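Take a look at the structure below.
A short reminder: the numbers here are calculations on the coordinates, not readings from a lab. These numbers were taken from a predicted model, which means no experiment stands behind them. Glycine gets a Cβ as well: all are built from the backbone with ideal geometry, and neighbour counts include every protein chain shown.
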Amino acid sequence: MTSNPDLPKQAPPAAGAAAMPDGLAGRLFELREDPAADFADQAGAVADACHAMAVRFHQGGKLITFGTGGSSTDAQHVAVEFVHPVIVGKRALPAISLTTDVATVTGVAAREGVAGIFAHQIRYLAEPSDIALGICADGDCPSVLAGLRTAKAAGLLTVALAGGDGGAIAVSPDVDHVILARSADPRIVKEMQVTAYHVLWELVHVFFEQPGVLAPGVVA
């Protein structure tokens, strides 16, 4: 194939311009190294949370997920992962997201304020055997914290995914298990939390697949 002599010839990119994308890409990966390593360091805490969740599922409990903004879609993502596993042959487990019913969320917000949107639903939808999973990008979301507090008071197992230093959620006595995405960049927090809840899903199933690991007392 010959070139068209009538078309203008493009000058080759300057050396600096050609090198810049590779350097930038490398920097973007570097920004994720420490948060990823820190998440790996939390392996024991993650395993403890997953074992506690597996026990609740084993006893007939369900997973209740919630979060605001971008975390609301993560809550929905987690719920569908458990109810409809993407890996064929994995056990489906009961889960609901409190972020999907727009009428309920907006109705509660109008009467009780945004901070009450999850706590109200938990009071009427949850059972003591259930698991509450709150997701928050910075650890200081009032509605997520209120939901976790209400869940703990009702006897639920409480688990939180929080960004940064975990904020008020990380130090709350109402949260049984906290998994942190230690970064000030909300994009990296999001990436780490997506990884975290996929690991939660996988390890819960690992516990189910190990004979004798879960305590007796199956309710359903």
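Where the only charges are on Cβ atoms (+1 Lys, Arg; -1 Asp, Glu), what is the dipole of region 68-133 about its Cα centre, to the nearest 20 debye? Intermediate results must be reported in sequence, preceding the final value.
On the way: 4 positive and 6 negative charges, 16 e Å.
Here the size comes out at about 80 debye.
For the options Phe66, Phe29, Phe57, a Gaussian network treatment of the chain with springs between C-alpha atoms closer than 10 Å singles out Phe29 as fluctuating the most.
Net charge dipole, the chain: roughly 500 debye, given to the nearest 20, about the Cα centre with Cβ charges of +1 for Lys and Arg and -1 for Asp and Glu. Test of understanding: in a Gaussian network model of the chain with alpha carbons linked when under 10 Å, which of Leu31, Leu93, Leu200 would top the mean-square fluctuation ranking? Comparing Leu31, Leu93, Leu200 in a Gaussian network model of the chain, the most mobile one is Leu31.
Pull out a ≥ b ≥ c, the square roots of the eigenvalues of the alpha-carbon gyration tensor of region 133-220, then state rounded if a/c is under 1.5, prolate if not and a/b is larger than b/c, and oblate in the remaining case.
oblate
For region 57-113, with the dipole built from +1 on Lys and Arg beta-carbon atoms and -1 on Asp and Glu ones, taken about the Cα centre, which of Thr68, Leu93, Val80 lies farthest toward the positive end? Towards the positive end, the residue furthest out is Leu93.
Before anything else, pin down the relative contact order of the chain: Cα pairs under 8 Å, at least 6 apart, normalised by residue count, whole percent. Present the calculation step by step, with values, prior to reporting the outcome.
Values: 361 pairs, mean separation 49.7, N = 220.
Reported relative contact order: 23 percent.
Based on DSSP loop calls and a cut-off of at most 11 other Cβ atoms within 10 Å, the longest stretch of the chain free of exposed trypsin sites (Lys or Arg not before Pro) is what? Longest site-free region, per DSSP loop and neighbour criteria: 92-220.
Unpaired cysteine residues in the chain (no second Cys Cβ under 4.7 Å): Cys50.
So what is the relative contact order of region 50-154, in percent, for Cα pairs below 8 Å that sit 6 or more residues apart? Don't jump to the answer; show the numbers that get you there.
Working: 165 pairs, mean separation 35.4, N = 105.
Relative contact order, region 50-154: 34 percent.
All C-alpha pair distances within the chain, sorted into 10 Å bins from zero, spread as 8, 30, 30, 14, 7, 6, 4, 1, 0 percent across the bins. On full extension, the segment bounded by Val88 and Gln59 gains 8.1 nm, given 0.36 nm per residue less the C-alpha separation. For region 124-220, applying the loop criterion from DSSP together with a ceiling of 13 other beta carbons within 10 Å to the GluC sites (Glu not before Pro) yields Glu209.
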